[in-house]
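A short write-up of the structure that comes next.
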Amino acid sequence: MIQELGKRPYAIVQLRQDDKQASLYNMVGFQTNLKFKEQKRIFSKIPGLEQAEFVKYGVMHRNTYINSSKLLDNTYNLKNTPNLYFAGQITGVEGYVESISSGMVAALNASDVFWDGVKKHQFSEHTVIGALAKYISTPNEKFQPMNANFGILPELEGKKIKDKKMRYEKLAKRSLGQNIANMREIC
Amino acid sequence: MKDYITIIGGGLAGCEAAYQIAKRNIKVKLYEMKPQKYSPAHSNENLAEIVCSNSFKSNLLTNACGLLKEELRRLDSLLIKIADETKVPAGQALAVDRENFSKRVTEEIEKNPYIEVIKEEVVDIKQMIKDGIVIIATGPLTSDSLAKEIQKITSQEKLYFFDAAAPIIEKDSINFDIAFYGDRYHQEKKKEETIEEWKERLTKQEREEQSYINLPMNQEEYENFWQELIEAEVVTLHEFEKREIFEGCMPIEIMAKRGIDTLRFGPLKPVGFDDPRTRKKTICHCTIKAR
């Protein structure tokens, strides 16, 4: 058992489990464009990684996205082109879950149009799904890809709650309470 | 009007869209260019191949991405369901076994009677949208020819940007005299815990909790590392590739160049841990740890 805690480190490099067997770990936050031999040389200087085997080196890759703030509406539908939707990171949503979210919204509305000719899934901006759809489709001179975050949701009514966690809890409740119920109804 | 909806791109967005449309009794033609053609980051034949991190981020409702996942679960998202089913331990985060995840998505999509997967690169969208609904979900590594086509349809000039992926290391090659397990957010002392209980929990956790490995640095080690990092040689980018980087996936060397302490307040923050190298060790064999 720990008798006494040691000093707080000056910095910590974290590795995150990458496969089910827990045999591979990725370096958290270490996306990089360094040359492979430089990665090997420099990252091996991190205490504990002197003999590290790199299964994969960090790479930079291209990203492609359209200016959705000008081009799309909040169902990920190209304005003035009723037959064409976009989904995934090409719309400027950033991240896996965000991509899934955009695929969901585009698909629900495309299905609506297929059967009835009318889009019915314009999600409330009180949900993260709806807030993201609204974010990417709102005119913005400096449009940049966006992750899910509470900053894109409308503020809570009433006095501002100072405690972040409590505020986020309220925002989550607001989304899941009333609005998801509505989502279900129209699905 | 066509009696099906076309989806271009079998990544996360395209697969979720295909499932949702099929669920509403509409036929889907899902186009995927692999294995005929691969992007620079993709390497296997499966649909929904993930290449950046294996983490779908936090599962907490007090995190916006966690809340988004919960909303999607309630809308019967196939991909979140499979992510839940193929998760690996990662503290409060939902991280998946990549291989397993994309294999399971591929199976679900391929066995769906409403979905036809067509392994071809699409180059002509204009024709497709004439008499049918199309969803373009070609991702951050959209092929050049299709990107040009999208540029034409949307009258866009700029479509290319950059993002980045982190290195992966074999656990067995890590020196556990220095490295230790532990999830930053479980490390802090809980209000209701006594000091003794807390220490005991940390000891136990370091034995059992394997989702994160931590590598502590002292000031000298950190500063040397930082110096090397900012002077390191980077890969030269192609002429046509315009460099624009955004916070979510910023290369570590770029972040480091912002200042000597930027990493310490970012991904390398020491919060929540002590450095075991500076712990006093006891002699009693029953309490000695393997370091």
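A few comments on the model shown:
- Counting only helices (runs of 4 or more DSSP H) wholly contained in the range B:54-132, the ones carrying 1 or more residues that are crowded, with 21+ Cβ neighbours inside 10 Å occupy B:64-74, B:78-85, B:98-111.
Residue by residue, here is whether (1) surrounded by fewer than 17 Cβ atoms within 10 Å (Cβ to Cβ); (2) assigned by TED's automatic domain parsing to the domain that holds A:ASN140; (3) touching a residue at least 12 places away in the same chain (Cβ under 8 Å) holds:
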residue: A:VAL28; (1), (2), (3): no, no, yes
residue: A:ASN33; (1), (2), (3): no, no, yes
residue: A:GLU38; (1), (2), (3): no, no, no
residue: A:TYR57; (1), (2), (3): no, no, yes
residue: A:THR81; (1), (2), (3): yes, yes, no
residue: A:GLY95; (1), (2), (3): no, yes, yes
residue: A:ALA106; (1), (2), (3): no, yes, yes
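- Residue that is farthest from the chain's Cα centre (by Cα) [pool: residues in the range B:106-135 that are under 21 Å from A:ASN83 (Cβ atoms) and among the acidic types (Asp, Glu)]: B:ASP131
- Selection status of A:ASN109, more than 22 Å from B:THR142 (Cα to Cα), more than 8 Å from chain B (Cβ to nearest Cβ) and at pLDDT 95 or above: yes
- Residues (free of Cβ contacts under 8 Å to residues at least 60 places away in the same chain, more than 7 Å from chain A (Cβ to nearest Cβ) and either β-branched (Val, Ile, Thr) or touching a Leu at 6+ places or on another chain (Cβ under 6 Å) (or both)) located in the range B:256-275: B:ALA256, B:ILE260, B:THR262
- When B:LEU47, B:LEU30 are checked against the criterion of being in the same structural domain as B:ILE136 (by TED's automatic domain parsing) and either more than 30 Å from A:TRP115 (Cα to Cα) or not in a loop (DSSP other than H, G, I, E, B) (or both), a single residue qualifies: B:LEU30.
- Near pairs, Cβ below 7 angstrom, 6+ apart or cross-chain, from the range B:86-99 (within 9 Å of another protein chain (Cβ to nearest Cβ) and under 18 Å from B:ALA64 (Cβ atoms)) to any residue that is of a type in the set (Asp, Glu) and buried (at least 22 other Cβ atoms within 10 Å of the Cβ): none
- Residues being surrounded by fewer than 21 Cβ atoms within 10 Å (Cβ to Cβ), assigned to a loop (DSSP other than H, G, I, E, B) and either modelled with pLDDT under 90 or within 22 Å of the chain's Cα centre (by Cα) (or both) - total across the range B:240-263: 8
- Any hit, the range A:154-166, residues being within 11 Å of chain B (Cβ to nearest Cβ), aliphatic (A, V, I, L, M) and closer than 25 Å to B:ALA17 by Cα: no
- Index of the failed condition, A:MET146 passing every other in (1) over 16 Å from the mean Cα position of the chain (by Cα); (2) at the interface with another protein chain (Cβ under 9 Å from one of its Cβ atoms); (3) in contact (Cβ under 8 Å) with a residue 40 or more places away in the chain; (4) surrounded by fewer than 24 Cβ atoms within 10 Å (Cβ to Cβ): (1)
- The range B:22-57, residues that are more than 10 Å from chain A (Cβ to nearest Cβ), touching a strand residue (DSSP E or B) at 6+ places or on another chain (Cβ under 7 Å) and of a type in the set (Ser, Thr, Tyr): B:TYR31
- For the range A:66-90, the set of residues classified as facing another protein chain (nearest Cβ under 7 Å), in contact with a helix residue (DSSP H, G or I) (Cβ under 6 Å, 6 or more places away or on another chain) and farther than 19 Å from B:THR6 by Cα consists of A:ILE66, A:LEU71, listed by residue number.
The values are calculated or read from the model by the stated rules, or taken from the named source; none is laboratory data. Keep in mind the model is a prediction, meaning the values are calculated, not measured. All Cβ positions, glycine included, derive from the backbone under ideal geometry; neighbour counts span all protein chains shown.
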